[in-house]
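These notes are about the structure you will find just below.
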Amino acid sequence: MDTICALATAPGGALGIIRVSGPDAFAAVSSICSVRCDAVPANTTHYTHLHEGNEIIDEAMVSVFRAPHSYTGENSVEISCHGSTYILNKVLELLVQNGCRMANPGEFTQRAYLNGKMDLSQAEAVADLIASSNKASHHLAMSQLRGGISTELSRLREQLLKLTSLLELELDFSDHEDLEFADRSELLQLAQTINAHITHLAQTFYTGNALKNGIPVAIIGAPNVGKSTLLNALVGEERAIVSDIQGTTRDAIEDTMQLGGVTFRFIDTAGIRHTDDERSIAAAQRAQIILMMTEPGVPYPDIPVRDDQTIIHIENKTERFQAKYNIGIDQLRQQLLDAVPSTSDSDVIITNTRHYEALTRANENLHRVIDGLQQQLSGDLIAEDLRHVLSELAEITGEGQITPNEVLGNIFKNFCVGK
């Protein structure tokens, strides 16, 4: 495997970090500074000058990590120097001249996965951690990076392997009529327990996706009841169009607000004129929270809602609530926070679409296992469906299977260079 290098920090800062990893990392870095990386202790940092021949380019700190105790599992060096574009480009140029090549997006994390430093779900958590924009999404990414999903799937895998082993044993000794190695009722109960667990895990995706990307909130009400004013009061900016002319807002306006570490995505829809207003109904259907707004003498909108949605009724232009004067806004913000799904540190929450789809496919195969057990089908047919369940779960972490290069490429292509 060749040696790669890349800028691991965003350009334009006071300092920049260049990451180098691979079999020739020590030699490449040593060729442009006074530190002999192969001779210093692991996990140490050293002051040095970076140079091209006799010309000093910059003062820097060089951190040395030996395989397998590094981010990638390979010999690695991190060079911390000044953030000048010229300096950073020059150092990268010199590293390439001394045996490195520029890393592809996500290649450092891809090597960490290939070298067994993390599984696929943890690798994806690195990208989520970098992209996290609020406390909730950061917490979910850290949980996944620490192996929360991996641990949960490992438990499921053990249960499935037990079920598979009992069925395989039955198949191996099927010609011994006097032996019974698998009690079908016991197997059915075990399969149903596993199914309930996978179903619950898949259902957390709706909560996880909302916490990760923002909880959608629709503001629904008749024209001119103050929906745009309410949006402005909540987000603290004059982003929606406000007018005394009835029905001024013609299009859906979306804005976000962070509250208590959670992002809320507000949609201010055009005023409902008829109960079949498709835009407002569509916005309500997409929302997890609906702010149903009215004013004295105006009925609340009559639109279809789901059981899993939180409905907060607001009567504007009253003593208790006036969006225009921020009366009742703090209490409404608390109601929004109270409507956020509660999670604890021990909860495993699915936030990745790829994971959710794999769990869904695993569930479909497990339903076939349950049907097969109930219908007393042959053990070899049931065992085949079980193998599909295990394969789908393994796809999430990459455990126990060779992942095709195109799958790896699809996962890592959206990483930033240097990660």
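The values are calculated or read from the model by the stated rules, or taken from the named source; none is laboratory data. Note that the structure is predicted; figures quoted are calculated from it, not measured. Here the Cβ positions follow ideal geometry from the backbone for every residue, glycine too, while neighbour counts run over all protein chains shown. Remember, those area values only see protein heavy atoms, side chains included, never the ligands or the DNA or RNA. Shrake-Rupley method; radii C 1.70, N 1.55, O 1.52, S 1.80 Å.
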Legend entry - Residues listed by number, region 28-46, amide nitrogen under 15 Å from Met61 label point at 7 Å toward C-beta: 43-46
Legend entry - Dipole of region 1-82, positive end: most advanced residue of Ile32, Thr44, Ile18 [Cβ charges, Cα centre]: Thr44
Legend entry - Label-point gap, in nm, between Ser80 and Tyr300 - each point 7 angstrom along Cα→Cβ: 5.6 nm
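Once you have the Cα-Cα distance between Glu186 and Ser133, take 0.36 nm times their residue separation minus that, and quote the gain in nm to one decimal.
14.4 nm
Give the ranking of Glu384, Glu319 by solvent-accessible surface, highest area first, calculated with a 1.4 Å probe. Don't skip to the end; give the middle numbers.
Working: Glu384 75, Glu319 175 Å².
Ranked list, largest accessible area first: Glu319, Glu384.
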Inset, instruction - Estimate the FRET efficiency between Leu381 and Thr353 by the formula 1/(1 + (r/R0)^6), using the beta-carbon distance for r and 35 Å for R0, to the nearest 0.05. - result: 0.70
Inset, instruction - Could you rank the peptides 106-112, 13-19 by their average count of other C-beta atoms within 10 Å per residue, with the highest value first? - result: 106-112, 13-19
Legend entry - Cα-centred dipole magnitude for region 12-162, charges only on beta-carbon of K, R (+1) and D, E (-1), debye, nearest 20: 580 debye
Legend entry - Solvent-accessible area per residue for region 1-112 (1.4 angstrom probe, square angstrom): 45 Å²
Legend entry - Peptides ranked, highest mean first, by Cβ atoms within 10 Å: ranges 141-148, 229-236, 158-165: 229-236, 141-148, 158-165
Legend entry - Cα-centred dipole magnitude for region 16-85, charges only on beta-carbon of K, R (+1) and D, E (-1), debye, nearest 20: 240 debye
Legend entry - Mean projected area (nm²) of the alpha-carbon convex hull when region 27-183 is viewed from all directions: 15.0 nm²
Inset, instruction - Multiply the residue separation of Thr360 and Tyr47 by 0.36 nm, subtract the distance between their alpha-carbon atoms, and state the gained length in nm to one decimal. - result: 107.5 nm
